[in-house]
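Engineer: I'd like to ask you about the structure that follows.
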Amino acid sequence: MAFEYAPAPESRDIARLRPSYQIFVDGAFRDGAGESVKTINPADEEPLAEVAEAGPSDVDDAVVAARRAFGPWSALPGKERGKYLFRIARAIQERGRELAVLESLDNGKPIREARDVDIPTAAAHFFYYAGWADKLGYAGFGPSPRPIGVAGQIIPWNFPLLMAAWKIAPALACGNTVVLKPAETTPLTALVLAEIIAEADLPPGVVNILAGGPSIGQAIVEHDGIDKIAFTGSTEVGKIIQRTLAGTPKRLSLELGGKAANIVFDDAPLDQAVEGIVNGIFFNQGQVCCAGSRLLVQESVADELVAALQRRLATLRVGDPLDKNTDVGAINSAEQLARIRELSASGEAEGATRWSPPCELPERGYWFVPTVFTGVSQAHRIAREEIFGPVLSVLTFRTPDEAVEKANNTPYGLSAGVWTEKGSRILSMAARLRAGVVWANTFNRFDPSSPFGGYKESGFGREGGRHGLEAYLDA
């Protein structure tokens, strides 16, 4: 029996949207020297708010403020720094519903994901690193590790608040100060985080948040007053940053793109695997750097698994991100939607078989139906290039050796998944897969105590866990 769902929309009023937002420098909000731009709701293409973007002079001011605040902040006992982080974490929890709705409006992701994943995990990172602030000498990076100085941090649009927490929390715990730039299409939750930071009475200049486009990111990367750059985003931009910093004393950590293999063996629990596959590639519309965009399934169960996957996709609800029933929301921008369409068209042109469930999309906004390609070879662009959208490529294998060879046949190395009932096979595969994170019989599971990062063109350095402190310490 099929059940009809009544819409269950969350009220956008909860987001407490303001007509305009300002940048945050030296503990105060102010208009930026750049142009004011409108941030757009990707679900209906309507403006949400005006954002005063920073200019080069604002970058200078922010770096000066961060440099001035570094001495007193780094001299604070770790226990005292931890108190501020605890305060920020609690405030994120208290304003969790507001932040979730704002994130959904600005990003296009389903409210269920923002409410149940993004916001709680952001708070958890601040709680976790608050606990580390007075224990740095026991982290394994020397008995008296020192902070690096001023950290320039540039974050992407797919997990705006969560990525801000990933960057800011360990930096502050270690005694560094921060100049952070959110993505130009999703600045709102970072600017509300600035409100929270101000209300937490964090000393002026310890955290500065500058909205702006690529030129502001470039100004942060190139600024002589920055000691360390942390970047999460595309591999192409990561390479530019690495070339720019080559030969300079600046420290660098990069978390870049991915083309993860989700490997299903013939002894795997297929119903459970289907749920993991769906979560791996359709969570946040596939706009996840570690998305399981390549499904490697053992040949003997391939037909059965693909059929089960198609039945499951037919039940996904695509539509209003604020509806609590929605499984797949809007693509973040027109630019990203165009890339997804172009790469999907190349899959058909190169001979793969395209399938999508029946789906009625809204008339306005940036939407893409969940899509599965079968008959994919490793030569296809859809098997090689990061699509960053709800598009799954299915390949088959016969032996574990073939699975490892195909999984590792990529310039990326961020994540992978292994589905099997044999623990020995999980351990064997995990040791051979060239990926920073390998999930066993699950996918896209994150915890602030667990490190995350990649190899090869997926970047270097780790975020999260004890390992995440290393990027902000000079032992």
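Engineer: Which one of these does residue 289 not meet: (1) open to solvent by 10 Å² or more (accessible area, probe 1.4 Å); (2) of a type in the set (A, V, I, L, M, F, W, C); (3) more than 19 Å from the chain's Cα centre (by Cα)?
Structural biologist: Exception for residue 289: condition (3).
Engineer: Another question, if that's okay. Yes or no: residue 248 at pLDDT 95 or above, among the β-branched types (Val, Ile, Thr) and either in contact with a strand residue (DSSP E or B) (Cβ under 6 Å, 6 or more places away or on another chain) or within 15 Å of residue 59 (Cβ to Cβ) (or both)?
Structural biologist: No, not satisfied.
Engineer: Kindly indicate whether any position in region 49-59 is part of a loop (DSSP other than H, G, I, E, B) and surrounded by fewer than 17 Cβ atoms within 10 Å (Cβ to Cβ).
Structural biologist: no
Engineer: Something else: Quick one: would you say residue 211 is of a type in the set (A, V, I, L, M), open to solvent by less than 10 Å² (accessible area, probe 1.4 Å) and touching a Pro at 6+ places or on another chain (Cβ under 8 Å)?
Structural biologist: Yes: the conditions hold for residue 211.
Engineer: Please go through region 252-269 and pick out each residue that is in a loop (DSSP other than H, G, I, E, B), under 18 Å from residue 238 (Cα atoms) and among the acidic types (Asp, Glu).
Structural biologist: None; the set is empty.
Engineer: Among the listed residues 259, 250, 239, identify the single one that is closer than 19 Å to residue 418 by Cβ and not hydrophobic (A, V, I, L, M, F, W, C).
Structural biologist: None of the others qualify; the one that does is 259.
Engineer: Okay, next question. Among (1) within 17 Å of the chain's Cα centre (by Cα); (2) among the hydrophobic types (A, V, I, L, M, F, W, C); (3) open to solvent by 20 Å² or more (accessible area, probe 1.4 Å), there is one condition residue 198 misses while meeting the rest; what is its number?
Structural biologist: Residue 198 satisfies every listed condition except (1).
Engineer: Scan the helices (runs of 4 or more DSSP H) fully inside region 68-136 and keep the ones with 1 or more residues being open to solvent by less than 50 Å² (accessible area, probe 1.4 Å) and touching a Pro at 6+ places or on another chain (Cβ under 6 Å).
Structural biologist: Filter on region 68-136 gives 96-107, 119-132.
Engineer: Residue 226 is checked against (1) touching a strand residue (DSSP E or B) at 6+ places or on another chain (Cβ under 6 Å); (2) free of Cβ contacts under 8 Å to residues at least 12 places away in the same chain and fails just one. What number does that condition carry?
Structural biologist: (2)
Engineer: In region 40-49, is there at least one residue being touching a strand residue (DSSP E or B) at 6+ places or on another chain (Cβ under 8 Å) and acidic (Asp, Glu)?
Structural biologist: Yes, region 40-49 contains at least one residue that is touching a strand residue (DSSP E or B) at 6+ places or on another chain (Cβ under 8 Å) and acidic (Asp, Glu).
Engineer: Also, I was wondering about something else. Are there any pairs with C-beta distances below 8 angstrom linking a residue in region 294-305 that is touching a residue at least 60 places away in the same chain (Cβ under 8 Å) and of a type in the set (S, T, N, Q) to a residue that is crowded, with 18+ Cβ neighbours inside 10 Å and in a strand (DSSP E or B), with the two at least 6 apart or on different chains, and if so which?
Structural biologist: 298/264; 298/396; 298/397
Engineer: I'd like to check something: does region 259-279 contain any residue that is open to solvent by less than 10 Å² (accessible area, probe 1.4 Å) and among the charged types (D, E, K, R)?
Structural biologist: Scanning region 259-279, I find at least one residue that is open to solvent by less than 10 Å² (accessible area, probe 1.4 Å) and among the charged types (D, E, K, R), so the answer is yes.
Engineer: Among the candidates 33, 6, which residue alone is among the aliphatic types (A, V, I, L, M) and modelled with pLDDT under 95?
Structural biologist: One residue alone meets the criteria, 6.
Engineer: Return the residues of region 10-29 that are over 16 Å from residue 182 (Cβ atoms) and either in contact with a Gly (Cβ under 8 Å, 6 or more places away or on another chain) or free of Cβ contacts under 8 Å to residues at least 12 places away in the same chain (or both); say none if nothing qualifies.
Structural biologist: 13, 26, 27, listed by residue number.
Engineer: Moving to a separate point now. Could you tell me which of the residues 297, 301, 306 is more than 23 Å from the chain's Cα centre (by Cα), crowded, with 22+ Cβ neighbours inside 10 Å and either modelled with pLDDT of 95 or more or in a loop (DSSP other than H, G, I, E, B) (or both)?
Structural biologist: 297
Engineer: On to the next question. Being in contact (Cβ under 8 Å) with a residue 24 or more places away in the chain and acidic (Asp, Glu) narrows it down to one residue among 342, 350; which is it?
Structural biologist: 350
Engineer: Sort through 4, 35, 50 and tell me the only one that's closer than 30 Å to residue 318 by Cβ and in contact (Cβ under 8 Å) with a residue 12 or more places away in the chain.
Structural biologist: So the residue among 4, 35, 50 that is closer than 30 Å to residue 318 by Cβ and in contact (Cβ under 8 Å) with a residue 12 or more places away in the chain is 50.
The values are calculated or read from the model by the stated rules, or taken from the named source; none is laboratory data. Fair warning: this is a prediction, and the values are worked out from it, not measured in the lab. Every residue, glycine as well, gets a Cβ built from its backbone with ideal geometry; the counts of neighbours run over all protein chains shown. Heavy atoms of the whole protein, side chains included, go into the accessibility calculation; ligands, DNA and RNA do not. Shrake-Rupley method; radii C 1.70, N 1.55, O 1.52, S 1.80 Å.
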